[in-house]
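Here's the structure, in structure tokens; my notes come after.
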Amino acid sequence: MLLLAIYLAVGALAAACTVQANTQDCTENMCESIGDTQICTDCQAGNVPINGKCAAKASDDVTNAGCKQAGGADLENTAQVCGQCGAGYFLHKGGCYKFGGTPGSTICKDTVGSSGTAGVCSSCSAENGFFANLAPAATKQSCIACNETADINGLTGVAGCTACTNTGPARTGAPKAATCTACGDGKIVKTDNGVTSCIDESACNNGFFVKEQDGSKTCEACDSTCKTCSGGNEADKCTSCKDTDKKYLKKADGSQTGTCVDAAGCTDGNYIDEAAKTCSTCASAGTTDCSTCEKGADGVVVCKTCPDSGNTIFGLNKKSCVSQCPDNASEKSGVCTCNDGFTPNEDSSECVAVSRSVNLSTGAIAGISVAAVVVVGGLVGFLCWWFVCRGKA
């Protein structure tokens, strides 16, 4: 509810005038809303904005506000805005606004009688979504809406922003943007190289992650090596890596996130999967007690080296390092191999007897089939002869 109130307070987007007091003397489509009050920011010739309403340049309202040209001269007959304001008022969007008045109190917290520079607000209303010009003057706008998108004396806000701070002085060229700390319309603050913007939560990806803290969400940059990351309030929880020197995602067993490393960072107890661009533990690929392992062209991960002591021999199929070969196996060139008549089991931990079932070749099967047909045919012929002969007898 508070964010909605702030959003309404700083809804400073030029729009058609709907308030009767503004429709006659305000330039078409030059009205904005400050809280619940509609103001005119540019009046027709001979009129200027005082407290958001157009007043004739020769009126008491204009005189009391100290509305003059920026250089201090009286207004010309064709004037449409104020260039500076007098004591008790401050300049905002081309008009003079009274301290403590409506809608001035929504913008500025100064009250009538406040000491300070004439025509300048010394305390902008941050709670209503305004930030202060760090170099205020009677000829400059003292307070700027957080959602302002126009260049206001070298400063600007952020589209959709409801709360912000001024992080530096005005500058020429591109205006200096405020740092947004809260957004409206369900959007979240994204920070990219120190520049903030308001985005949909679903748009926080491709090198950014949603960080949730104290009930609020922000869009933060992943670690510089990550292409994507899951966040979890930590920027270095990468889910994929950039195609740079540190292009391999190194994860702990069972984890879906990790850090990005180069080849030198994927050595002892790990192996590189070049196709997947990952650095995984040897154990995760089903090998045990390897010093180092590698993935072969066939896609199978095997031990590459064994420890210098203890388990110094390659196990069956190089899927492990062992101190001695299992039963029914012998060492050949530092690798355990099953003896004749035996073969490694599924996990290459032991040798099992080879099945003695007879396997017939295709030719043998065909020969047997032909023989069977001949035998059956002969039997049928004999039976026919037998019964025919018997019948004649």
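Just so it is clear, none of the values below were taken in a lab; they were calculated from the coordinates. Bear in mind that the values here come from a model prediction, so they are computed numbers and not experimental data. Neighbour counts are summed over all protein chains in view; Cβ atoms, including those assigned to glycine, are modelled from backbone coordinates with ideal geometry.
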Report task. Work out Dmax and Rg for region 2-143 from the C-alpha atoms and quote the Rg first, both in angstrom. Result -> 13.9, 43
Query - For region 116-125, 3J(HN,Hα) per residue [Karplus equation, 6.51 cos²θ - 1.76 cosθ + 1.60, θ = phi - 60°, Hz, x = Gly/Pro] - result: x, 6, 4, x, 10, 8, 9, 9, 6, 8
Query raised in the report: With Cβ to Cβ distances under 14 Å as the rule, what net charge do the other residues near Gly83 carry (K, R +1; D, E -1)?
Result: +1
Report summary line: Simple SL model, points at 7 angstrom along Cα→Cβ for Ser349 and Ala118; separation in nm is 9.3
Report summary line: Sequence order, region 311-326: Karplus ³J(HN,Hα) from phi using 6.51 cos²θ - 1.76 cosθ + 1.60, θ = phi - 60°, Hz rounded, Gly and Pro as x, gives 7, 9, 9, 5, x, 4, 6, 6, 8, 7, 10, 10, 8, 8, 6, x
Query - From phi via Karplus (6.51, -1.76, 1.60), per-residue ³J(HN,Hα) for region 175-192 in Hz, x at Gly/Pro - result: x, 7, 8, 5, 9, 6, 10, 7, 10, x, 6, x, 7, 10, 7, 10, 10, 10
Report summary line: Under 12 Å by backbone N from the virtual spin label 7 Å along Cα-to-Cβ at Gln24, the residues of region 38-65 are 54-56
Report summary line: Sorted by chain and number, the residues with a modelled amide H under 5 Å from that of Ile272, at a separation of 5 or more or across chains, are Lys295
Requested in this report: Counting helices only, and only those DSSP H runs with n ≥ 4, report the 222 nm mean residue ellipticity of the chain as the sum of -39,500 (n - 2.57) divided by its residues, in deg cm²/dmol to the nearest 500.
Outcome: -4000 deg cm²/dmol
Query raised in the report: Working out 0.36 nm times the residue gap between Gln69 and Thr337, then minus their Cα-Cα distance, what length gain in nm do you get to one decimal?
Result: 86.7 nm
**Report entry** Sequence-distant residues sharing a close amide H with His92 (under 5 Å, placed H)
**Finding:** Tyr97
Query raised in the report: With respect to the cross-link table entries Lys190/Lys242; Lys109/Lys176; Lys247/Lys295; Lys140/Lys211; Lys211/Lys242, which display a Cα-Cα separation exceeding 28 Å?
Result: Lys140/Lys211
Requested in this report: Quote the FRET efficiency, to the nearest 0.05, computed for Lys217 versus Thr292 with a Förster distance R0 of 41 Å and r equal to the Cβ-Cβ distance.
Outcome: 0.45
Report task. Any chance you could get the radius of gyration and Dmax over the Cα atoms of the chain, in Å? Result -> 42.0, 151
Report summary line: The distance between the Cα centres of region 161-177 and region 52-101, in whole Å, is 25
Report summary line: From fewest to most C-beta neighbours within 10 Å, the residues Glu220, Glu148, Glu294 line up as Glu294, Glu220, Glu148
